[in-house]
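Okay, structure first, notes after.
The values are calculated or read from the model by the stated rules, or taken from the named source; none is laboratory data. Computed from a prediction, not measured in an experiment: that's the story for all the values here. Quick reminder, even Gly has a Cβ in these numbers, built from the backbone with ideal geometry, and neighbours come from all protein chains shown. We work out accessible area using only protein heavy atoms, side chains counted, and drop any ligands, DNA or RNA first. Shrake-Rupley method; radii C 1.70, N 1.55, O 1.52, S 1.80 Å.
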Amino acid sequence: MISRIEKYLEDTAMIPALAGHEQKLAAYMKREFESLGLKTEIDVFGNCIAKIKGTDQEAQVIMVFAHMDSIGFLVRYIEDDGFIRVERLGGIPEKVLPSTQVQVQCRDGSMVDGVIGVKAHHITPPEEKYVVDKYMKLFVDIGATSKQQVLNLGIDIGSPIVYKPKFQKLQGTRAILSAADNRGGCTAVLELANVLKDNPQKCSIYLVGSVQEEYNLRGAMMAARTVKPDIAVSIDVAAASDTPDLKGFGDVKCGLGPTMSMYNFHGRGTLNGTIPHPAMVRLFEEASKRTGIKFQRSASIGCLTDLSYVQLEGKGVKCIDIGFPGRYTHSPCEFVDMEDIEKLSLWVFDFLKNVDKNTDFSR
């Protein structure tokens, strides 16, 4: 499984998919699902939805999903001398931006390399050397010498900009990559497709790559209106706190297995979050005991997933957020351990095969 997970992780990491511009990654996931014989569609909103029909029409309908999109920028303004001013999309950590390599997507889908400019150190005044510039002051340099040259490339106001895609193995099964949030989740969903295609379950299962999570969290909500799930499992990154700067913040560590969110909440703007359905917690705990796969719990303010809106669909959906540990989230180089993603896939599979119409979901 690790070799296949590594391939999916690298493939998806190298595909740019800014929120609202996920078409390339959706097309990749659709091809992979269809190569496994799964009926797949891309809905009006851009979600990629694959169905695995269950053997019992009275059993629950389950949606397992991971968002395909990443944070990034949009072209806000093009200077007369060809420099590009940006507008942020998603939670951008401004302190890592100067000198970061990026790619700008042209009208035809091709990508143009660039770099976020930084004032030369030799001529930076002392009072500026320890200052984090706001993104509105920054600019992208693609090597153009005029606004017209930029426009001729097919770059205009609103063109997507992403961190330059990368994937690099480190020691053992660990790797750094762009947009591990949430290419790790996409990888887990694709791995589940491989396992489930030859192991149909009583429940009908929909595997979904969702859109616009980093923008407004509501892409998966639109997928849920198509699927109409009774149960939803969101797969996303969980911020690891195993580096020297985060000791004591939480217990999530890379290499110690998948994660379960017991509480997440975002107080700014959305006023939303997810407290998991208690029966879902119990069922995943039982799956952990059956498989021997240990998991890590998290509870924090400041983050949430698109599950927060899926849970509110219809008469309510029984939901849980699970995931994989990741370091340096939303930076140009995020860090994961592929064994965590492998165990995550096996954990979810065991949960899926032990749900039927008689499963107790009482609170």
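Using a 1.4 angstrom probe and counting only protein chains, how large is the accessible area of Glu128 in Å², to 10?
Only protein atoms counted, so the area is about 80 Å².
DSSP beta bridges in the range 250-341, what fraction antiparallel, as a percent rounded to 5? Could the numbers behind the result be given before it?
Working: 6 of 12 bridges.
The answer is about 50 percent antiparallel.
Could you work out the relative contact order of the range 149-289, using alpha carbon pairs under 8 angstrom and six or more residues apart, expressed as a whole percent? Please report the intermediate quantities before stating the final value.
Values: 83 pairs, mean separation 16.4, N = 141.
Across the range 149-289, relative contact order equals 12 percent.
Just grab the label-to-label distance for Thr270 and Arg76, each label 7 Å out from Cα along the Cβ direction, in nm (one decimal).
2.3
Per 0.36 nm of contour for each residue apart, how much would the distance between Gln101 and Asn358 grow if the chain were fully extended, relative to their Cα-Cα spacing? Walk me through the intermediate numbers first.
On the way: separation 257, 0.36 × 257 = 92.52 nm, distance 5.27 nm.
Here the answer is 87.2 nm.
Could the peptides 211-219, 146-154 be put in order, highest first, of the mean number of other beta-carbon atoms found within 10 Å of their residues?
Details: 211-219: 23.4, 146-154: 15.6.
Highest mean packing first, the order is 211-219, 146-154.
Could you size up the charge dipole of the chain around its Cα centre, putting +1 on the beta carbon of Lys and Arg and -1 on that of Asp and Glu, and report it in debye to the nearest 20?
Working: 43 positive and 46 negative charges, 105 e Å.
With only Lys, Arg, Asp and Glu charged at Cβ, the dipole is about 500 debye.
What is the calculated FRET efficiency for Glu285 to Asp242, with r their C-beta to C-beta distance and R₀ = 25 Å, to the nearest 0.05?
Numbers: r = 23 Å, r/R0 = 0.91.
Once the sixth-power term is evaluated, E becomes 0.65.
Return the percentage of antiparallel bridges among DSSP beta bridges fully within the chain, rounded to the nearest 5 %. Walk me through the intermediate numbers first.
Numbers: 42 of 69 bridges.
Bridges in the chain are about 60 percent antiparallel.
Computing the accessible area with a 1.4 Å probe over protein heavy atoms, can you report the carbon and sulfur percentage for the range 67-138? Walk me through the intermediate numbers first.
Values: 2180 of 4130 Å².
For the range 67-138, the apolar C and S fraction of the accessible surface comes to 53 percent.
Heavy-atom accessible area per residue, the range 209-255, 1.4 Å probe: how many Å²? If you can, show how the numbers build up before the last one.
On the way: 1990 Å² over 47 residues.
Accessible surface, normalised per residue, equals 42 Å².
Can you pull out the chymotrypsin sites (Phe, Trp or Tyr not before Pro) in the range 111-168 whose DSSP state is coil and whose Cβ has at most 13 other Cβ atoms within 10 Å? Walk me through the numbers before you get to the answer.
On the way: sites: Tyr130, Tyr135, Phe139, Tyr163, Phe167; in loops: Tyr130.
Those that pass, being in a loop and sparsely packed, are Tyr130.
On the protein heavy atoms, probe 1.4 angstrom, tell me the percent of accessible surface of the range 237-277 carried by carbon and sulfur. Provide the component values of the computation, followed by the final result.
Numbers: 1280 of 2160 Å².
C and S atoms contribute 59 percent here.
Mind checking which lysines have their Cα closer than 17 Å to the Cα of Lys119? Skip sequence neighbours fewer than 8 apart in that chain.
Straight-distance partners of Lys119: Lys95, Lys129, Lys134, Lys137.
Once every DSSP H run of n ≥ 4 in the chain is given -39500 (n - 2.57) and the sum is divided by its residues, what mean residue ellipticity at 222 nm do you get, rounded to the nearest 500 deg cm²/dmol? Kindly include the intermediate steps, with their values, before the conclusion.
On the way: 8 runs with 91 residues, N = 363.
Per the formula, -7500 deg cm²/dmol.
Only Cα pairs under 8 Å and at least 6 apart count here; give the relative contact order of the chain as a rounded whole percent.
Values: 871 pairs, mean separation 85.1, N = 363.
With pairs under 8 Å counted, the relative contact order is 23 percent.
Before anything else, pin down the relative contact order of the range 1-129: Cα pairs under 8 Å, at least 6 apart, normalised by residue count, whole percent.
Numbers: 123 pairs, mean separation 18.5, N = 129.
It rounds to 14 percent for the range 1-129.
So, for the range 1-91, what is the accessible surface per residue at a probe of 1.4 Å, expressed in square angstrom? Kindly include the intermediate steps, with their values, before the conclusion.
On the way: 3910 Å² over 91 residues.
Heavy-atom accessible area per residue stands at 43 Å².
Between Arg225 and Asp141, 0.36 nm times their residue separation minus their Cα-Cα distance comes to what? Before the final figure, lay out each step's value.
Working: separation 84, 0.36 × 84 = 30.24 nm, distance 4.18 nm.
Gain in length upon complete extension: 26.1 nm.
Pulled fully out, how much extra length does the chain show between Glu94 and Met262, if you take 0.36 nm times their separation in residues and subtract their Cα-Cα distance? Present the calculation step by step, with values, prior to reporting the outcome.
Numbers: separation 168, 0.36 × 168 = 60.48 nm, distance 2.91 nm.
Gain on extension, Glu94 to Met262, equals 57.6 nm.
Across the range 26-36, in residue order, what do the Karplus-derived ³J(HN,Hα) couplings come to in whole Hz, using 6.51 cos²θ - 1.76 cosθ + 1.60 with θ = phi - 60° and x for Gly and Pro?
4, 5, 5, 5, 4, 4, 5, 4, 5, 5, 9
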